[in-house]
Amino acid sequence: MRVTYNPPYFIKHIQVKGKHTKNYLILFFALSAFSISAQHTKSDKPVWKQDTVFGDNIFRKHSNWISAGGGLAANNQIKNSQFVFGLDYNLHIHTQYFQLGLFLSGDRFGSYNNYQFHGCYGKRIETTSINFSYFGGASYSVFFEQAGSNYSQTPKNSVGAYACAQLIKKIKYDVGIGLSVFADINFSQSVMGAKVDVYLSGAYKGKKEY
């Protein structure tokens, strides 16, 4: 006995429109493959390795930077305000930021009675025009106490807590100038102040290719 097979309507439709359907299927799968490939490539690049283009130059979105500057500080163990010089190296591990730095304070530039070192963890907000950061951590100070109009010849030392915040106005994407405030508190003294800082970033990678 001979059996006759009657395919469903949609199969007949595909058979009749076979030429067009084939083209549509090829186009569909090509676009799907392209979309999946693009998403895969994007997700494969870590956030901390992504770049940004500014003008004709390419910069890293996450970079290290150095800042240095001078200003005025107040020490609760000293009557007069003092000159302060600070230097910080700010580095990142993936998207986490750390700071290693120091500041020196004294009655005038070049004559210091307090030497402070700090290591901190913090946050950073960066745009094409500003760089804002804040850090907090531990500190270690070596200092000479005031004795009348002079300072003791015997140094003392103490551990403490340090915090700072910095706002930079960029002149270029990786160069700027701004203001920072800080506070260092230990078991012997408290030093607070403000500085005008110069900002130098390692974000530059090279020229944009056309």
Residue 179 fails exactly one of (1) over 17 Å from residue 98 (Cα atoms); (2) modelled with pLDDT of 95 or more; (3) buried (at least 16 other Cβ atoms within 10 Å of the Cβ), namely (3)
What do you reckon, is residue 201 among the small types (Gly, Ala, Ser) and within 24 Å of residue 55 (Cβ to Cβ)?
-> yes
* Does residue 141 satisfy the condition of being assigned to a strand (DSSP E or B) and either within 16 Å of residue 200 (Cβ to Cβ) or aromatic (Phe, Trp, Tyr) (or both)? -> no
Per the filter on the range 73-106, residues touching a Phe, Trp or Tyr at 6+ places or on another chain (Cβ under 7 Å) and closer than 16 Å to residue 142 by Cα are 84, 85, 86, 101, 102, 103, 104, 105, 106
Checked 169, 156 against criteria (under 24 Å from residue 50 (Cα atoms), surrounded by fewer than 18 Cβ atoms within 10 Å (Cβ to Cβ) and of a type in the set (Lys, Arg)); the one match is 169
* To do: Tell me, please, whether a residue that is aromatic (Phe, Trp, Tyr) and under 24 Å from residue 127 (Cβ atoms) can be found in the range 64-79.
  => yes
Looking across the range 96-129 at residues that are modelled with pLDDT under 95 and among the β-branched types (Val, Ile, Thr), the single one that is surrounded by the fewest Cβ atoms within 10 Å (Cβ to Cβ) is 127
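The values are calculated or read from the model by the stated rules, or taken from the named source; none is laboratory data. From a predicted model like this one, the values you see are computed outputs, not experimental measurements. Heads up, the Cβs are rebuilt from the backbone with ideal geometry, glycines too, and the neighbour counts pull from every protein chain shown.
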